[in-house]
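Visitor: For reference, the structure I am asking about is given below.
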Amino acid sequence: MKLSGAEIIWRVFTKLGVDTIFGYPGGAVLPLFDAMYDCPIRNVRVRHEQGAAHMADGYARASGKAGVAIATSGPGATNLVTGIATAMLDSSPVVCITGQVNSSVIGSDAFQETDVTGVTLPITKHNYLVTRAEDISPMLREAFYIATSGRPGPVLLDITKDAQQGVIDYDWDDTPVRLPGYRPDLRVLPEELERAKELIQNAKRPLILAGHGVTMSGAGQELREFIEKTQIPVTLTLLGLGCFPASHPLNLGMMGMHGEAYANSAIQQADLLLAFGMRFDDRVTGNLKTYAQNARKIHIDIDPAEINKNVKVDVGIVGDLGETLRTITESLPRLKHDDWLETIAEFKNDTVMRDIQNVPVDDERLYAAHVINDIWRLTEGDALIVTDVGQHQMWAAQYYKLDKPNRLITSGGLGTMGFGLPAGIGARVAQPESEIWVIVGDGGFQMTQAELSTCRQEGFKLNVAILNNGYLGMVRQWQEFFYERRYMGTPIENPDFVKIVEAHGLTGIRVEKRDEVDKAVRAAQAEEGTVVIDFCVEGEDSVYPMVPAGADLDAMIRRPEPQKTRKK
Amino acid sequence: MMMNNNGNPAATTPIERTFIAYVEDKPGVLNRVASLFRCRAFNIKSLAVGRTEILGVSRMTIVIDADTYTAKRVEALLYKLVNVLRVQEVAETPSVMRDLALIKVGADSEARAQVLQICDVFRARVVDVAQDALIVEITGTEDKIEGLMEVLEPFGIIEMVRTGRVAMTRGSHAPTVDPEFVSARVPEYSGK
């Protein structure tokens, strides 16, 4: 059958199960958009290409399938860059299609020409420059395969306009993709398992560090069986939250910079760390020289390049986490670690008392932690939470207690402000029925606020909670702790968010007191369209505990005891 | 700094290391490999690329200064590139390493005999003779080439070009380019 390259793209998408793309048209993708006219795949027309990339990312994380973003050449493509880098660091399967100028003028500084494969080379898992219609189908199939297999990641195809316009004979090829240099060896060696088993059985103070890999490989059940059989406590990374129930007694909660103080102490005191699908990011290790010095380490990851990268391990196992855990669990006897669990209980010490939740309700003040806690209560802890980056993200991680996996979408590795709203839209497309709460700060929200129009135009329902403290709060907090409260560049004079939301034809609510929170949250839940709540929270509140960057993991700044909380 | 100190000084002292990488012969692959070194701030001392006996497969010889930890990182990162088929650090096996240089030396009829004599000692060949210059071709280790350059210096080196190091392991075996799996495992450190 004779088809144009552009038509082939939609045929291949349909075959690969793509139901929605997030796109922004332009000169170099005109053939592609024209061919879409007769195609049932949904186009979510974004307001900025960064939004398209984040939406594809949010869609991917909420659906487990690849998300697709489309942009034109030059500025359209470079606008995707932040979103691609975000997907790269969080191993999210995003496929980006960018238009490119005609192959005959590549390299001539043609109008809207940018070397996009060059620009995105270090921030994609792989990328392609496609100059012939014949290459479109095989390269697209490879792209989806690479994006979604092994350690997932973003793949970009830069397709020239003439490749989109070229007409060729097309037949769907369903032979498996063959990539000679992409066949990771994921066979687990028996001797590695044996050594892991021995370390686990001999450990007195073992601790599991569970990360994003647990969720991505769907190994939550295997992790649970391993934990219940071995009675080894577990602490989670930010992206690992939800992979093991927060309410389980062996779950210590989040580790790292803003993790639970006792979880960090437990890491430092452990004699065995079992790192499952996590990569010892500097935000969870603190100072590497003093990190868990007494602990032997077992690291299971699907990416061989992660083993021994930041932390030298005793046993490194490359393979699928679920399968590996099942094998290990079967071969282990039941274990007990009562003394160790008691020690950890002692580490908890005054944690509960220092919790902001135990600050008495004060009519004059609205604390972000209370807002998150109220949302958690009113959604029965079962909403899909999408956050932006900053203090609100950490409070969401600390106070929206997750008992189920895949309930938190957040930019962990890159820490991309502006991620929240578009990622929430992507998640909405992937999960039309879920209750979604997008939790953002006043700073990050304004970076991609234009996507409110997308919500309106596409009729998406989101609940957006702005934790508005009038500062770039996380940076302000660092200035408070480490730069003598010299607040340079962090105070922000915000627009009237309620009016902005209303101007988009959506509902805006302002909340200034604790006793207004319930009503506003319920109103948002009841409303059919998107509702944005502007929570005017305490300006100079900080996220505690905090391990200063590069400091020892147990050198934490703790929340001052509640009665000493500073007055304004 | 990474935790790469095993109390073994050899593991943490950068030494010169040679890697052979088999890659798919496709546009942009050289850039991917070079970019990998660039974005991790590894300095490439020498890089030679050429076709192999297998259609569609190129072979790169890459020389960098690296400690054991960095060398293993480089290997693992190279394997992450979709177009990389096989990586081998040749230091681990006995091997032959060669560099080729063309050196244009100023030499009038008077000096010519002297230069020819030197070339003979170094087993270099004269491949072009002009009125007042010679082109000398020499193959060998970098040391040998630098030795020759040193003694030719007084005659005046007009121009010089080198291929960069190429390497091959000894014996009848070659790294398989088409293995069942691409093994990218970073070996364990020795010692605790």
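What follows draws every value from the coordinates through simple rules; no lab data is involved. Quantities reported herein were computed from a predicted structural model and do not represent experimental measurements. Here Cβ is always computed from backbone atoms with ideal geometry, including for glycine, and neighbour counts include all displayed protein chains.
Visitor: Would you compute, from DSSP H runs of 4+ residues alone, the mean residue ellipticity of chain A at 222 nm, taking -39500 (n - 2.57) per run and dividing by the full residue count, rounded to the nearest 500? All intermediate terms of the calculation are to be shown ahead of the outcome.
Guide: Values: 23 runs with 214 residues, N = 568.
The helix contribution divided over chain A gives -11000 deg cm²/dmol.
Visitor: Let me ask another. Over 10 Å intervals from 0, what percent of Cα-Cα pairs in the range B:26-77 sits in each interval?
Guide: 21, 53, 23, 2
Visitor: Work through the residues other than B:R98 whose Cβ is under 12 Å from its Cβ and net out their charges, Lys, Arg +1 and Asp, Glu -1. Please list the in-between numbers first.
Guide: On the way: positive: B:K144, B:R162, B:R165; negative: B:D99, B:E142, B:D143.
After counting each charged neighbour, the total is 0.
Visitor: May I ask which of A:K125/A:K161; A:K309/B:K45; A:K125/B:K80; B:K26/B:K80 have a Cα-Cα span longer than 19 Å here? Each step should come with its number before you reach the end.
Guide: Numbers: A:K125/A:K161 24 Å; A:K309/B:K45 23 Å; A:K125/B:K80 8 Å; B:K26/B:K80 16 Å.
In this structure, A:K125/A:K161; A:K309/B:K45 lie more than 19 Å apart at Cα.
Visitor: Two decimals, Cα atoms only, Kirkwood Rh: what is Rg/Rh over the range A:35-175?
Guide: Values: Rg = 14.4 Å, Rh = 15.2 Å.
Here Rg/Rh amounts to 0.95.
Visitor: Per residue of A:282-290, what is the mean number of Cβ atoms on other protein chains within 10 angstrom of that residue's Cβ?
Guide: On the way: counts 0, 0, 0, 1, 0, 0, 3, 3, 0.
Mean partner shielding for this stretch: 1.
Visitor: By how many nm would the segment from A:D109 to A:N494 lengthen if fully extended, with 0.36 nm per residue of separation less the alpha-carbon distance?
Guide: Values: separation 385, 0.36 × 385 = 138.60 nm, distance 3.98 nm.
That works out to 134.6 nm of additional length.
Visitor: Let me ask something else about it. Compare the Cα positions of A:F460, A:N308, B:T169 along the charge dipole of the protein assembly as shown (+1 at Cβ of Lys, Arg; -1 at Cβ of Asp, Glu; about the Cα centre) and return the one farthest towards the positive end.
Guide: Farthest towards the positive end: A:N308.
Visitor: Which whole-number percent is the relative contact order of chain A (Cα, under 8 Å, 6+ apart)? Numbers along the way, then the final one.
Guide: Working: 1277 pairs, mean separation 80.6, N = 568.
Relative contact order of chain A: 14 percent.
Visitor: Order these by the 10 Å Cβ neighbour count, fewest first: A:V438, A:V167, B:V84. Before the final figure, lay out each step's value.
Guide: Numbers: A:V438 29, A:V167 13, B:V84 24.
Least to most surrounded, the residues fall as A:V167, B:V84, A:V438.
Visitor: Given points 7 Å out from each Cα along the Cα-Cβ axis, report the A:E502 to A:S149 separation in nanometres with one decimal.
Guide: Calculated label separation equals 5.5 nm.
Visitor: Next question. Ranking request for peptides A:410-421, A:112-123: highest mean number of other beta-carbon atoms within 10 Å first, then the rest in descending order.
Guide: In descending order of packing, they fall as A:410-421, A:112-123.
Visitor: Kindly provide the pair-distance distribution of the range A:120-216 built from C-alpha pairs, with 10 Å bins from 0 and whole-percent values in order of increasing distance.
Guide: Final binned percentages: 12, 29, 26, 16, 10, 6, 1.
Visitor: Right, next: Viscosity 0.692 mPa s, temperature 37 °C: what is the translational diffusion coefficient of the range B:92-168 from Stokes-Einstein with a Kirkwood Rh over Cα pairs, rounded to a whole number of µm²/s?
Guide: Values: Rh = 12.7 Å.
The diffusion coefficient I find is 258 µm²/s.
Visitor: Another question, then. Percent antiparallel among DSSP beta bridges with both residues in the protein assembly as shown, to the nearest 5?
Guide: Values: 49 of 113 bridges.
The answer is about 45 percent antiparallel.
Visitor: Restricting to the range A:383-503, compute how many DSSP beta bridges are antiparallel as a %, nearest 5. Walk me through the intermediate numbers first.
Guide: Values: 1 of 12 bridges.
The answer is about 10 percent antiparallel.
Visitor: Same structure again: Please state the Cα pair-distance histogram of the range A:387-540 with 5 angstrom bins from zero: what percent is in each bin?
Guide: Values per bin, smallest distances first: 2, 9, 19, 23, 22, 14, 7, 3, 1, 0.
Visitor: Can you tell me the order of A:249-256, B:140-147 when each peptide is scored by its average per-residue count of other Cβ atoms within 10 angstrom, highest first? It would help to have the intermediate numbers written out before the result.
Guide: Numbers: A:249-256: 20.6, B:140-147: 15.4.
Averaged packing, sorted descending, gives the order A:249-256, B:140-147.
Visitor: Next question, about the same structure. Could you give the size of the charge dipole of the range A:58-165 about its Cα centre, using +1 on the Cβ of each K and R and -1 on the Cβ of each D and E, expressed in debye and rounded to the nearest 20?
Guide: For the range A:58-165, the charge dipole is close to 460 debye.
Visitor: Counting DSSP beta bridges with both partners in the range A:411-568, what percentage is antiparallel, nearest 5?
Guide: Antiparallel: roughly 10 percent of the beta bridges in the range A:411-568.
Visitor: Please state the charge dipole magnitude for the protein assembly as shown, taken about the Cα centre, from unit charges on C-beta atoms (+1 on K and R, -1 on D and E), reported in debye and rounded to the nearest 20.
Guide: It works out to roughly 780 debye.
Visitor: Could you work out Rg/(2.2 N^0.38 Å) for the range A:475-541, with Rg from alpha carbons only?
Guide: Here the Cα radius of gyration is 1.43 times the empirical estimate.
Visitor: Among the listed pairs A:K65/A:K404; A:K197/A:K229; A:K461/A:K499; A:K65/A:K312; B:K72/B:K144, which are separated by more than 22 Å between their Cα atoms?
Guide: Numbers: A:K65/A:K404 19 Å; A:K197/A:K229 13 Å; A:K461/A:K499 18 Å; A:K65/A:K312 33 Å; B:K72/B:K144 29 Å.
Pairs exceeding the cut-off: A:K65/A:K312; B:K72/B:K144.
Visitor: Hey, quick one: spin label on A:E194, modelled 7 Å out along Cα-Cβ, who in the range A:293-327 has an amide N within reach, i.e. under 18 Å?
Guide: A:314-318, A:327, by backbone N distance to the label point.
Visitor: Right, another one. Tilt of helix B:68-80 relative to the longest C-alpha principal axis of chain B, in degrees (0 to 90, nearest 10)?
Guide: Taking Cα atoms only, the helix is inclined about 80 degrees.
Visitor: D for the range A:277-425, whole µm²/s, Stokes-Einstein with Kirkwood Rh over alpha-carbon pairs at 10 °C and 1.306 mPa s: what number? Could the numbers behind the result be given before it?
Guide: Numbers: Rh = 19.0 Å.
In µm²/s, the coefficient rounds to 84.
Visitor: Express the relative contact order of chain B as a whole percentage, based on alpha carbon pairs under 8 Å and six or more residues apart in sequence.
Guide: On the way: 324 pairs, mean separation 48.3, N = 192.
Relative contact order for chain B comes out at 25 percent.
Visitor: Could you tell me the relative contact order of the range A:35-169? Use alpha-carbon pairs under 8 Å, at least six residues apart, and round to a whole percent.
Guide: Working: 264 pairs, mean separation 34.7, N = 135.
That works out to 26 percent.
Visitor: Same structure, new question: Take the Cα of A:Q525, step 7 Å along the line toward its Cβ, and report every residue of the range A:231-264 whose backbone nitrogen sits under 14 Å from that point.
Guide: Taking a point 7 Å out along Cα→Cβ of A:Q525, no residue of the range A:231-264 has its backbone N under 14 Å.
Visitor: Something else about it: Just the C-alpha atoms of the protein assembly as shown: what Rg/Rh do they give, with Rh taken as the Kirkwood radius?
Guide: Ratio of gyration radius to Kirkwood radius for the protein assembly as shown: 1.03.
Visitor: While we're here: As I understand it, the value is the acute angle between the Cα axis of helix B:109-122 and the longest principal axis of the Cα atoms of chain B; what does it come to in degrees, rounded to 10?
Guide: Once rounded, one gets 30 degrees.
Visitor: In a solvent-free Debye calculation with one equal scatterer on each Cα, what is log10 I(q)/I(0) for the range A:308-386 at q = 0.25 Å⁻¹, listed in the order of the q values?
Guide: For the range A:308-386 at q = 0.25 Å⁻¹, log10 I(q)/I(0) is -1.11.
Visitor: Rounding to the nearest 20 debye, state how big the charge dipole of the range A:213-363 is about its Cα centre with +1 on each Lys and Arg Cβ and -1 on each Asp and Glu Cβ. Could the numbers behind the result be given before it?
Guide: Working: 14 positive and 22 negative charges, 88 e Å.
Dipole of the range A:213-363, to the nearest 20 debye: 420 debye.
Visitor: Okay, moving on. Cα-based Rg (one decimal) and Dmax (whole number) for chain B, in Å?
Guide: 20.0, 65
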